[in-house]
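K.L.:
One structure follows; several queries about it will come next.
The values are calculated or read from the model by the stated rules, or taken from the named source; none is laboratory data. Note that the structure is predicted; figures quoted are calculated from it, not measured. Ideal geometry is used to build each Cβ from the backbone, glycine not excepted, and the neighbour counts take in all protein chains shown.
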Amino acid sequence: MQRIDNFIAGQSVASQSGRSSRVMNPATGEAIAEVGLSTAAEVNEAVAIAKSAQEAWAAVTPLNRARILFRFKTLVEAHKDELAALITTEHGKVYSDAHGELVRGLEVVEFACGIPHLLKGEHSQNVGTSVDSFSVMQPVGVCTGITPFNFPAMVAMWMFPVALACGNSFILKPSEKDPSLSLRLAQLLKDAGLPDGVFNVVQGDKTSVDALITHPDVAAVSFVGSTPIAEYIYSTASAKGKRVQALGGAKNHLLVMPDADLDGVTGALMGAAYGAAGERCMAISVAVVVGDDAADRLVAELAPKVAALRVGSGLAALDGDGPENEMGPVISEAHRATIIDYIDSGVAAGAELVVDGRALASQGPGYFLGGSLFDRVTPQMRIYREEIFGPVLAVVRVPDYETGLKLINEHEYGNGTAIFTQNGEVARDFGHRVQAGMVGVNVPIPVPMAFHSFGGWKRSVFGPLNMHGPDGVRFYTKMKTITARWPKSHGAEFVMPTMK
């Protein structure tokens, strides 16, 4: 069986821990590889190598750092089919969706290629007589990224391109469920000319995570995952004096106004709720519909489409098995069981299960589920309160706009949200008053472009700075302000210096 190793100092390095985890193909339920789980000592070695490489890398001009990222972008594009197939094989999402993930990741690489402009500081002449002040943005040192299974390419590329462009070294700890892509990205960075040791990959589990977030030579920690783990990483690493951006869970609502185009809403919800089997932190999992008439019509339009979802292997089209499926498997048997438990709890709580996707779980190998659709869900129900992270959409009925807005604002998560309406006044009010970090107006998944920053509010994020965009540059740099005077000889001064 294939063995997946670490990537340290420009080469593959096998872990000597004696511990490993099986990597499964979720479309078949078969083990396809084993990934070594690193020891704390092996993590420490990677940090030492990254630290020794960082000083020389920081001395490389921003222009030349950008040129390496340009070459990396070209290499990723040249290998995009191979990389997308690798994502689909280990994660399960359909092949075209894997391609889309690579595109969104490359947008951050393109943003990072503008680093010579992004690192320009500020300058003030004559803040005092013959005194000038200016600021410079310098790298923080060794950075680490801990990434989730659902976007093995995109989330990693939210982090390391900006970190590297700013002159830092980087250690990636990918999910042990789909770790292979991390090694291909490392090799492509090496092929692009990145010096050995600047980018490293450490495979592992909680042992590796804890070693990284507590190591004294790790300066910054980036994380995307569940809220309990995000809070743990933020509190632990922050207590060690590190800067942290930790993105957690979500329960994203789409508010449907009575004047919305229901055909457009239906299409938007199908993709936003069931794309990637609902395993997206920006998936819409709750449709808040104003008025029973609009809710009745929306559920009637959604139900046959959800029931007719093409569910199967994400590589079916490549394998010649007909058109591409619309939804692949979920990541694991354990996660499928968790989703089924949520569906069971919704039924027990009295929600109306309009479309039941559980039956598909018993058909053939692989971790498949059909799409499920609930109506008449209430805020007290577990399927409303908690993040399911699967192909389950809950419809909540509200009598008016204010009730719907209040419902969204009272939820503990505030990652993304959207409103569908033809009323500009209502849409503007929603954008100003809703308590969420990313807002869509007639856009169901409002993920910002790479030159803006990605991040939620409330318990969807821990730390003051978000991913990529201007916040990403600020996170991976330290600002230094220099005040300079080149005077003729002066005598000693024993008073507080002031500008004259």
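K.L.:
Among the numbered criteria (1) among the small types (Gly, Ala, Ser); (2) loosely packed, with under 15 Cβ neighbours inside 10 Å; (3) under 23 Å from ALA250 (Cβ atoms), which single criterion is violated by GLY437?
P.N.:
Against the list (1) among the small types (Gly, Ala, Ser); (2) loosely packed, with under 15 Cβ neighbours inside 10 Å; (3) under 23 Å from ALA250 (Cβ atoms), GLY437 comes up short only on (2).
K.L.:
Go through segment 450-484 and give me each residue that's out of contact with any Asp or Glu (no Cβ under 8 Å at 6 or more places or on another chain) and among the aromatic types (Phe, Trp, Tyr).
P.N.:
PHE451, PHE454, TRP457, PHE475, TYR476
K.L.:
Now a separate question. Pick out the one residue from VAL461, VAL392 that is surrounded by 15 or more Cβ atoms within 10 Å (Cβ to Cβ), of a type in the set (A, V, I, L, M), touching a Leu at 6+ places or on another chain (Cβ under 9 Å) and within 30 Å of PRO116 (Cβ to Cβ). Walk me through it before giving the result.
P.N.:
Values: VAL392 fails: within 30 Å of PRO116 (Cβ to Cβ).
Exactly one of VAL461, VAL392 is surrounded by 15 or more Cβ atoms within 10 Å (Cβ to Cβ), of a type in the set (A, V, I, L, M), touching a Leu at 6+ places or on another chain (Cβ under 9 Å) and within 30 Å of PRO116 (Cβ to Cβ), namely VAL461.
K.L.:
Could you tell me which of the residues ALA361, ALA351 is without any contact (Cβ under 8 Å) to a residue 40 or more places away in the chain and hydrophobic (A, V, I, L, M, F, W, C)?
P.N.:
Working: ALA351 fails: without any contact (Cβ under 8 Å) to a residue 40 or more places away in the chain.
Step by step, each of ALA361, ALA351 is checked, and only ALA361 is without any contact (Cβ under 8 Å) to a residue 40 or more places away in the chain and hydrophobic (A, V, I, L, M, F, W, C).
K.L.:
Scan segment 36-64 for residues that are surrounded by 23 or more Cβ atoms within 10 Å (Cβ to Cβ) and either in contact with a Leu (Cβ under 9 Å, 6 or more places away or on another chain) or modelled with pLDDT under 95 (or both) and jot them down. Can you show your working first?
P.N.:
Filtering segment 36-64 for residues surrounded by 23 or more Cβ atoms within 10 Å (Cβ to Cβ) gives 36, 38, 42-43, 46, 50, 54.
VAL43, ALA46 - these are the residues of segment 36-64 that are surrounded by 23 or more Cβ atoms within 10 Å (Cβ to Cβ) and either in contact with a Leu (Cβ under 9 Å, 6 or more places away or on another chain) or modelled with pLDDT under 95 (or both).
K.L.:
For residues that are buried (at least 16 other Cβ atoms within 10 Å of the Cβ) and not in a helix (DSSP H, G or I), tally how many sit in segment 261-290.
P.N.:
Final tally of qualifying residues: 12.
K.L.:
Looking only at segment 3-18, how many residues end up being over 14 Å from GLU176 (Cα atoms), hydroxyl-bearing (Ser, Thr, Tyr) and either in contact with a helix residue (DSSP H, G or I) (Cβ under 6 Å, 6 or more places away or on another chain) or crowded, with 17+ Cβ neighbours inside 10 Å (or both)?
P.N.:
1
K.L.:
I've got another one for you. Do we find a residue being under 28 Å from the mean Cα position of the chain (by Cα) and part of a loop (DSSP other than H, G, I, E, B) anywhere in segment 392-403? Steps first, answer last, please.
P.N.:
Kept after step one, since they are under 28 Å from the mean Cα position of the chain (by Cα), are these residues of segment 392-403: 392-396.
With the extra rule that they be part of a loop (DSSP other than H, G, I, E, B), the set shrinks to none.
No: zero hits.
K.L.:
Is it the case that some residue within segment 117-131 is closer than 20 Å to SER21 by Cβ and either assigned by TED's automatic domain parsing to the domain that holds GLY241 or in contact with a helix residue (DSSP H, G or I) (Cβ under 9 Å, 6 or more places away or on another chain) (or both)?
P.N.:
Within segment 117-131, none of the residues are closer than 20 Å to SER21 by Cβ and either assigned by TED's automatic domain parsing to the domain that holds GLY241 or in contact with a helix residue (DSSP H, G or I) (Cβ under 9 Å, 6 or more places away or on another chain) (or both).
K.L.:
Can you find, within segment 128-168, the residue that is surrounded by the most Cβ atoms within 10 Å (Cβ to Cβ) among those that are at pLDDT below 95 and not in a strand (DSSP E or B)?
P.N.:
Among those residues, the one meeting the criterion is SER130.
K.L.:
I've got another one for you. Strands (runs of 3 or more DSSP E) wholly in segment 1-110 with at least 2 residues that are among the small types (Gly, Ala, Ser) and over 30 Å from GLY271 (Cβ atoms) - which ones? Before the answer, list the steps.
P.N.:
Numbers: elements: 2-4, 6-8, 11-13, 20-25, 30-36.
Passing ranges, in order: 20-25, 30-36.
K.L.:
When you go through SER175, SER235 one by one, which is the residue that is small (Gly, Ala, Ser) and either over 29 Å from GLN2 (Cα atoms) or without any contact (Cβ under 8 Å) to a residue 12 or more places away in the chain (or both)?
P.N.:
Numbers: SER175 fails: either over 29 Å from GLN2 (Cα atoms) or without any contact (Cβ under 8 Å) to a residue 12 or more places away in the chain (or both).
Result of the check over SER175, SER235: SER235.
K.L.:
So which residues in segment 271-298 are in contact (Cβ under 8 Å) with a residue 12 or more places away in the chain and over 21 Å from the mean Cα position of the chain (by Cα)? Let's see the steps before the verdict.
P.N.:
Taking segment 271-298 and keeping what is in contact (Cβ under 8 Å) with a residue 12 or more places away in the chain, we get 271-295, 297-298.
Passing the criteria: ALA287, VAL288, VAL289, VAL290, GLY291, ASP292, ASP293, ALA294, ALA295, ARG297, LEU298.
K.L.:
Continuing with the same structure: Suppose we filter ALA427, ALA450, ALA436, ALA418 for residues that are closer than 30 Å to ALA156 by Cβ, outside any loop (DSSP other than H, G, I, E, B), among the aliphatic types (A, V, I, L, M) and outside the structural domain of LEU118 (by TED's automatic domain parsing); which single one remains? Break it down into steps so the answer makes sense when it comes.
P.N.:
Working: ALA427 fails: closer than 30 Å to ALA156 by Cβ; ALA450 fails: outside any loop (DSSP other than H, G, I, E, B); ALA436 fails: outside any loop (DSSP other than H, G, I, E, B).
Testing whether each residue is closer than 30 Å to ALA156 by Cβ, outside any loop (DSSP other than H, G, I, E, B), among the aliphatic types (A, V, I, L, M) and outside the structural domain of LEU118 (by TED's automatic domain parsing) leaves just ALA418.
K.L.:
Could you tell me which of the residues GLN245, GLN203 is buried (at least 24 other Cβ atoms within 10 Å of the Cβ) and in contact with a helix residue (DSSP H, G or I) (Cβ under 7 Å, 6 or more places away or on another chain)? Give the derivation first.
P.N.:
Details: GLN203 fails: in contact with a helix residue (DSSP H, G or I) (Cβ under 7 Å, 6 or more places away or on another chain).
After ruling out the rest, the residue left standing is GLN245.
K.L.:
Go through segment 291-324 and give me each residue that's assigned to a helix (DSSP H, G or I), touching a Leu at 6+ places or on another chain (Cβ under 8 Å) and within 27 Å of VAL447 (Cβ to Cβ).
P.N.:
The first filter runs over segment 291-324 and keeps only residues assigned to a helix (DSSP H, G or I), leaving 292-307.
Now narrow it down to the ones that are touching a Leu at 6+ places or on another chain (Cβ under 8 Å): 294, 297-299, 301-303, 306.
Answer for segment 291-324, where residues must be assigned to a helix (DSSP H, G or I), touching a Leu at 6+ places or on another chain (Cβ under 8 Å) and within 27 Å of VAL447 (Cβ to Cβ): ALA294, LEU298, VAL299, GLU301, LEU302, VAL306.
K.L.:
Additional query: Residues being farther than 14 Å from SER180 by Cα and touching a residue at least 60 places away in the same chain (Cβ under 8 Å): count how many of those fall in segment 20-49.
P.N.:
15
K.L.:
Let me ask you something else. Of the numbered conditions (1) out of contact with any helix residue (DSSP H, G or I) (no Cβ under 7 Å at 6 or more places or on another chain); (2) more than 23 Å from ALA84 (Cα to Cα); (3) surrounded by fewer than 16 Cβ atoms within 10 Å (Cβ to Cβ), VAL299 satisfies every one except a single condition; which is it?
P.N.:
All conditions are met except number (3).
K.L.:
Sticking with this structure for a sec: Quick one: in segment 352-391, of everything that is assigned to a loop (DSSP other than H, G, I, E, B) and touching a Ser or Thr at 6+ places or on another chain (Cβ under 7 Å), which residue is farthest from HIS411 (Cα to Cα)? Write out each step before concluding.
P.N.:
Taking segment 352-391 first, the residues assigned to a loop (DSSP other than H, G, I, E, B) are 356-357, 363-371, 376-381, 386-391.
Checking which are touching a Ser or Thr at 6+ places or on another chain (Cβ under 7 Å) leaves us with 356-357, 365-367, 388, 391.
Numbers: ASP356: 26, GLY357: 26, PRO365: 37, GLY366: 34, TYR367: 30, ILE388: 15, PRO391: 20 Å.
Out of the qualifying residues, it is PRO365.
K.L.:
Applying the selection to segment 325-351, what residues are assigned to a helix (DSSP H, G or I) and either farther than 26 Å from GLN380 by Cα or among the charged types (D, E, K, R) (or both)? Break it down into steps so the answer makes sense when it comes.
P.N.:
So the first thing to find is which residues in segment 325-351 are assigned to a helix (DSSP H, G or I), and the list is 333-349.
Selection gives GLU333, ARG336, ASP341, ASP344.
K.L.:
Failed condition for GLN125, given (1) more than 14 Å from the chain's Cα centre (by Cα); (2) surrounded by 20 or more Cβ atoms within 10 Å (Cβ to Cβ); (3) not in a helix (DSSP H, G or I), with all others met?
P.N.:
(2)
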